[in-house]
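Peer 1: To start, I am sharing the structure in question, which I have written as structure tokens.
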Amino acid sequence: GENVEQHPSTLSVQEGDSAVIKCTYSDSASNYFPWYKQELGKRPQLIIDIRSNVGEKKDQRIAVTLNKTAKHFSLHITETQPEDSAVYFCAASMGNSGYSTLTFGKGTMLLVSP
Amino acid sequence: IAGITQAPTSQILAAGRRMTLRCTQDMRHNAMYWYRQDLGLGLRLIHYSNTAGTTGKGEVPDGYSVSRANTDDFPLTLASAVPSQTSVYFCASSPQPGTEAFFGQGTRLTVV
């Protein structure tokens, strides 16, 4: 089955700095890569996703890049703010294949200090 | 309001007791999932259902069972709870298997 590794497990940055979280996956058939943000005591919520037919996707201060050859993808947050503090999860699946499930990384706790 | 709802929100359960966690969605999503979340271990898949009437085992299925009698409901049953099943349980659904998942608010279960 799919295996997703996520690094780092914790990340501390100063407000205004950039943050990068990296994930690798094992199954070359995976083609859907979402990122979830989970605030303390809340449910995970999708913040951005990318499919294998594109290499990069941006949404305001967040972006995701995908390297299918190397089987890794990354989340980039620019101009970080204290409200970005949360746990971030990456995931991978063979999206919409009829039988796929999302496999999650173990998460990265991001702390943005004012 | 469309969404996915879990019940109960939290529960303290004596070891050996049977417990069913409820999950209902009104988005007509085909796929539903149960994950458990433990510190440092992320979200681990317990069971899933790609469509009504079918279920499958995830990464950590032992001690749990599920059913999918209709599109909306996907209950998770612990037949005889053990302390290692203390966790936060999240139900999720997606329009199709392996696509964007929407999570319920979670159930915090403590087995003593």
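Peer 1: Keeping every protein chain present and rolling a 1.4 Å probe, give me the accessible area per residue for chain A in Å².
Peer 2: On the way: 5740 Å² over 114 residues.
That works out to 50 Å² for each residue.
Peer 1: Report the calculated FRET efficiency for residue A:69 and residue B:54 (r = Cβ-Cβ distance, R0 = 35 Å), to the nearest 0.05. If you can, show how the numbers build up before the last one.
Peer 2: Values: r = 35 Å, r/R0 = 0.99.
The formula returns an efficiency of 0.50 here.
Peer 1: Under the Kirkwood approximation applied to all pairs of distinct alpha-carbon atoms, what is the hydrodynamic radius of chain A in Å?
Peer 2: Working: mean 1/r = 0.0707 Å⁻¹.
Taking every pair of different Cα atoms in chain A, averaging 1/r and inverting gives 14.1 Å.
Peer 1: OK, next. Charges only on Cβ, +1 for Lys and Arg, -1 for Asp and Glu: so what's the dipole of region A:14-70 about the Cα centre, in debye to the nearest 20? Spell out each step's value before the answer.
Peer 2: Values: 9 positive and 7 negative charges, 29 e Å.
Result for region A:14-70 is approximately 140 debye, rounded to the nearest 20.
Peer 1: Rank these residues by their accessible area, most exposed first, probe 1.4 Å: B:67, A:30. Walk me through the numbers on the way to the answer.
Peer 2: Numbers: B:67 55, A:30 5 Å².
My answer, sorted largest first, is B:67, A:30.
Peer 1: So, for chain B, what is the accessible surface per residue at a probe of 1.4 Å, expressed in square angstrom? Can you show the working numbers first?
Peer 2: Working: 5000 Å² over 112 residues.
Dividing the accessible area of chain B by its residue count gives 45 Å².
Peer 1: Taking loop as defined by DSSP and a crowding limit of 16 other beta carbons within 10 Å, which trypsin sites (Lys or Arg not before Pro) in region B:28-109 fit?
Peer 2: Working: sites: B:28, B:36, B:44, B:57, B:68, B:108; in loops: B:28, B:68.
When the trypsin sites (Lys or Arg not before Pro) of region B:28-109 are filtered for loop state and at most 16 Cβ neighbours within 10 Å, B:28 remain.
Peer 1: Can you find, among B:5, B:31, B:101, the residue sitting farthest towards the positive end of the charge dipole of chain B, where Lys and Arg contribute +1 and Asp and Glu -1 at Cβ?
Peer 2: Going by the charge dipole, the pick is B:5.
Peer 1: Looking at region A:9-114, which chymotrypsin sites (Phe, Trp or Tyr not before Pro) are DSSP coil and have at most 16 other C-beta atoms within 10 Å of their C-beta? Kindly include the intermediate steps, with their values, before the conclusion.
Peer 2: On the way: sites: A:25, A:32, A:35, A:36, A:73, A:88, A:89, A:99, A:104; in loops: A:99.
Filter output for region A:9-114: A:99.
Peer 1: Kindly state, to the nearest 0.05, the FRET efficiency for residue B:110 paired with residue A:26, given R0 = 30 Å and r defined as their beta-carbon distance. Mind showing how you got there, number by number?
Peer 2: Details: r = 34 Å, r/R0 = 1.13.
Taking R0 as 30 Å, the efficiency between residue B:110 and residue A:26 is 0.30.
Peer 1: Could you tell me what a quarter of the Cα convex hull surface of chain B works out to, in nm² with one decimal place? Before the final figure, lay out each step's value.
Peer 2: On the way: hull surface 25.4 nm².
Reported value for the Cα convex hull: 6.4 nm².
Peer 1: Percent relative contact order of chain A, based on C-alpha pairs within less than 8 angstrom and at least six residues apart? Write down the numbers at each step before the final one.
Peer 2: Numbers: 282 pairs, mean separation 41.6, N = 114.
Over chain A, the number comes to 36 percent.
Peer 1: Based on Cβ point charges of +1 for Lys and Arg and -1 for Asp and Glu, what charge dipole magnitude is obtained for region B:26-92 about its Cα centre, in debye rounded to the nearest 20? Numbers along the way, then the final one.
Peer 2: Values: 5 positive and 6 negative charges, 20 e Å.
Using Cβ point charges on Lys, Arg, Asp and Glu, region B:26-92 gives about 100 debye.
The values are calculated or read from the model by the stated rules, or taken from the named source; none is laboratory data. Not measured: the values here are computed from a predicted model. Ideal geometry is used to build each Cβ from the backbone, glycine not excepted, and the neighbour counts take in all protein chains shown. Please note that ligands, DNA and RNA were not included when accessible areas were found on the heavy atoms of the full protein model with its side chains. Shrake-Rupley method; radii C 1.70, N 1.55, O 1.52, S 1.80 Å.
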